[in-house]
Structure formats: structure tokens, C-alpha cells
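The values are calculated or read from the model by the stated rules, or taken from the named source; none is laboratory data. Not measured: the values here are computed from a predicted model. Here the Cβ positions follow ideal geometry from the backbone for every residue, glycine too, while neighbour counts run over all protein chains shown.
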Amino acid sequence: MNLRYFFELIALAALWGASFLFMRVAVPEFGPIWLIAWRVFLAALVLAPIVLQQGLLKDMQTHAKPLFIVGLINSALPFLGFAYATTTLTGGVTSILNATVPLFGILLVMLGFNKEKLTGAQIGGFLLGFTGVGILLGWHPVEATHHFWLAVAAGLVAACLYAIGANYIRRHLGGVPAMVIAAGSQIAASIVLLPLLPFSVPTAWPSLKAILALIALAVFSTALAYLMYFRLIRLLGAARAVTVTYMIPLFAMLWGALLLHEAVTWDMVVGCLVILVGTALANGVLTSWRKRSTYD
């Protein structure tokens, strides 16, 4: 891998890791629904002019139905799930739950959602990854309130939806330009969330700090991150680009510790490492690295 692309992967991980920090700051004042509605709307405002400039509007109109579904299952609902999770969990813990996305992808294969074949290492990685989730949640005694378990469930459901969305995109939007998928999904997510806004109006006008966190979440951790991610997919291929997922929890915990003074505990570190190793095994990353080392 070109060293420049490697540093771009790190930058992308830093942006997506920061999204959990931004949500942690803004969600108490906006609430999950209003925060995510603004997130996808502002991201759509940034991405839509690029679609028009590149002459891709016709592609968006042609694939309106699948783009709407992607906006629902790959943006609106998972964004809401993680925003709700951050009302109870730290950004670091929520990001580790996000790192289970590739593991849910392997689960979908096991359930027959596509015809890929699994190796023993991949199945072992799947089991190891969910062992990591168990370590993350149960290494130390926790106050097992219903808010805690609902937050954990919301994060895991959101991760599962990301995996389902990736499978849907591969099946129904395989030949569609990445920019169309990115912009179209944010526009669709905005439409999906619009009817929910009257039922969750913030009780007070958000502070400047919360508004700035929202803008950063929409512009940097959504619109810009999507552009970088799809560019890396084009340059490196999906298999390499998706390795950014492994680094996101590290940056989320770093930002949380530096800027919000969130604690980084041993159960978080151990759980994160186990999840990342399991995810790498499940996706054949370690095997491919070993093969490249052998040939080198």
C-alpha cells in the first residue's frame, strides 16, 4: 500500500472516530432524532452540489428506490442507534460496538444472505469478536439498568444494519457511482427522519458548543468522510478500505480521553483488541498479510 493512502486511512479513522465525540457533545442538547436529522441534512447539502457538478443527477433519479432503502438502513436508523447509545455510553464504548460491523457481515454470510464460503479462521474470528463484546460489557460489574442495555442493544442493532446495508448496496447499487450513493442516501435519510421531528423538539435552544459539534459531525465526519472513503475504495479496493473500521475505536477513545476526559479502562482496551483481532480474522486480513509477507 502506498504510504500516502495509509495516512489517508488513518485520517479517515480519525474523522469517524471523532463522530462519537461530536455526538457525545451534541446529543444531550439536540436529542438523538434532531441531531441525526440535522446531520444527514447538512451532509446532503454538502454532497448534493458535487452530484450536480459531476452530472450525476440522472443516476440518482434512476436509482431512487434503492437509494431510499439505503438511506433508511445505512444512515437514518444506524445513525439514530449510535446517537441514542451515546446518551448512556461513552464515545469509546459506542465506537467499539461499531467495530462489530464486519462481524455482522460474516454472520449474514453464515445465515445464507450471500453465497460466499467461510473458512475456519473466519468463523473463529466471528466468535472471537463477539467474545470481545462480552469482555467490553462484562469484564467489570456494571449497573445493569434498562438504559444501559437499551444503549448496548441500539449500538449492536446499528452495527448490524450497517452490515445489511453493505450487502444491499452490493446487490442493488453495484454499478452506481459512489458519490450518488453517498449523496442519495443522505437525502433519503433526511426525508425519513422529517416526520419524527415534531415529536422530539429540543426543550431549549442548543448552545454554540453543541451547534459547532453538529456542524463538525455533518461536514467532517459524514460528508468529507464519505468522500474520502469512496475515494479510497476506488484506489485501494473495498477490502483494504474497510480496514479503517479497525482503527476507529482507537481514535474515538483517544478523542474522548483528551477532550471529554472520558476514562479509558482495561476492559475497554482488552475488549477493543479482541474485537479487532476477531474482525481481522473474520475478514481474512491476517491471512492476506501473511501471504504477502511470504511472497515478499
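Looking only at residues of region 71-104 that are among the β-branched types (Val, Ile, Thr) and surrounded by fewer than 24 Cβ atoms within 10 Å (Cβ to Cβ), we find that the one that is modelled with the highest pLDDT is Ile73. Considering only residues in region 49-67 that are over 21 Å from the mean Cα position of the chain (by Cα) and buried (at least 17 other Cβ atoms within 10 Å of the Cβ), the one that is nearest to Ala210 (Cα to Cα) turns out to be Val51. Applying a threshold of 9 Å to beta carbon distances and a minimum spacing of six or more residues, or different chains, the list of pairs starting in region 42-66 at a residue that is farther than 20 Å from Gly174 by Cβ and aromatic (Phe, Trp, Tyr) and ending at one that is buried (at least 18 other Cβ atoms within 10 Å of the Cβ) and at pLDDT below 95 is empty. Selection over region 170-200 of residues that are touching a Gly at 6+ places or on another chain (Cβ under 8 Å) and of a type outside the set (Gly, Ala, Ser) gives a count of 4. Just one residue in the set Gly165, Gly184 is touching a residue at least 60 places away in the same chain (Cβ under 8 Å), crowded, with 18+ Cβ neighbours inside 10 Å and within 23 Å of Gly278 (Cβ to Cβ); that residue is Gly165. Candidates Leu45, Leu35: the one that is surrounded by fewer than 23 Cβ atoms within 10 Å (Cβ to Cβ) and at negative phi is Leu45.
Does Gly120 satisfy the criteria of being more than 25 Å from Leu224 (Cβ to Cβ) and out of contact with any helix residue (DSSP H, G or I) (no Cβ under 9 Å at 6 or more places or on another chain)? If you could, list the steps in order and put the result at the bottom.
Details: more than 25 Å from Leu224 (Cβ to Cβ): yes; out of contact with any helix residue (DSSP H, G or I) (no Cβ under 9 Å at 6 or more places or on another chain): yes.
For Gly120, the condition - more than 25 Å from Leu224 (Cβ to Cβ) and out of contact with any helix residue (DSSP H, G or I) (no Cβ under 9 Å at 6 or more places or on another chain) - is met.
The set of residues in region 1-16 being over 10 Å from Val244 (Cα atoms) and either at pLDDT 80 or above or of a type outside the set (A, V, I, L, M, F, W, C) (or both) consists of Asn2, Arg4, Tyr5, Leu15.
Taking the conditions exactly as written (of a type outside the set (Phe, Trp, Tyr), at pLDDT below 95 and part of a helix (DSSP H, G or I)), does Leu45 satisfy them or not? Criteria not met by Leu45.
Only helices (runs of 4 or more DSSP H) whose full extent lies in region 194-296 are considered here, and the ones with at least 2 residues that are at pLDDT 80 or above are 208-218, 225-236, 244-259, 266-282.
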